[in-house]
1. So for the chain, taking the charge dipole from beta-carbon charges (+1 Lys/Arg, -1 Asp/Glu), which of ILE66, VAL118, VAL108 sits furthest toward the positive end?
2. Using unit Cβ charges (K, R positive; D, E negative) and no other charged atoms, how large, in debye to the nearest 20, is the dipole of the chain about its Cα centre?
3. How many nm is it between the label spots at ARG122 and GLN136, if each spot is 7 Å from the Cα in line with the beta carbon?
4. With every protein chain kept in place and ligands, DNA and RNA left out, what is the accessible area per residue of the chain? Probe 1.4 Å, answer in Å².
5. What residues qualify as long-range amide H neighbours of CYS54, i.e. H under 5 Å apart, gap of 5 or more or another chain, H built at 1.01 Å from N?
6. Could you check the simple spin-label distance between PHE114 and ARG76, using points 7 Å along Cα→Cβ, in nm with one decimal?
7. Could you give the distance between the Cα centres of the stretch 69-84 and the stretch 87-141, to the whole Å?
8. Hey, if you put +1 on the Cβ of every Lys and Arg and -1 on every Asp and Glu Cβ in the chain, which of ALA41, LEU93, THR28 ends up farthest toward the positive end of that dipole?
Amino acid sequence: MKTPGVMLAVLLSLALGNAAHAACRVTTTGLSFGAYDVFAATPRDTSGTVTVTCDRNPPTDVTVSIGPSPTSGGFRPRRMRHATLPDRLDYNLFPSPSMGTVWGDGSVGTSTVFLRKVNKNRPATATIYGRIPPGQNVSVGTYTDTVTVTITP
């Protein structure tokens, strides 16, 4: 077994879909899982946020989707890559704390998040819940992945 103490982070990048309908601004907080213990029997959970503000009047409805992991090429699992070694660490992102459905782009059984009546005076924030399953035998080090957050007004 490898030793515990892995530092982890998922970075979120932004993309806008159909921006001609409304000028929207998106901010995100990345997810930091902290130290992963390869010997722990429980998953490692964290959360972050996506906040959307649009200038449309009346307010616009916005769909928020999160793309697949470029490391794994898919949604199940998403994978973080070790900074210097070939090790990969499975994780996923969810739109609810129950973590029952993967937050994705609406394809292959993933879901999106629908935000109602977003405008500059009433930004909408969605929480992203992240989980790393236990029992993964990986090397100590820094693991990262970058996924794209897309909004469609």
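The values are calculated or read from the model by the stated rules, or taken from the named source; none is laboratory data. Because the structure is predicted, anything quoted here is derived from the model rather than measured. Every residue, glycine as well, gets a Cβ built from its backbone with ideal geometry; the counts of neighbours run over all protein chains shown. Surface accessibility is based on the protein's heavy atoms, side chains included, excluding ligands, DNA and RNA. Shrake-Rupley method; radii C 1.70, N 1.55, O 1.52, S 1.80 Å.
1. Farthest towards the positive end: VAL118.
2. Numbers: 14 positive and 8 negative charges, 49 e Å.
Using only the charged Cβ atoms, the result is roughly 240 debye.
3. So the two model labels end up 3.9 nm from each other.
4. Details: 7380 Å² over 153 residues.
That works out to 48 Å² for each residue.
5. ARG25, ASN119, LYS120
6. Reported label-point gap for PHE114 and ARG76 is 2.3 nm.
7. So the two Cα centres are separated by 14 Å.
8. Highest projection toward the positive end goes to THR28.
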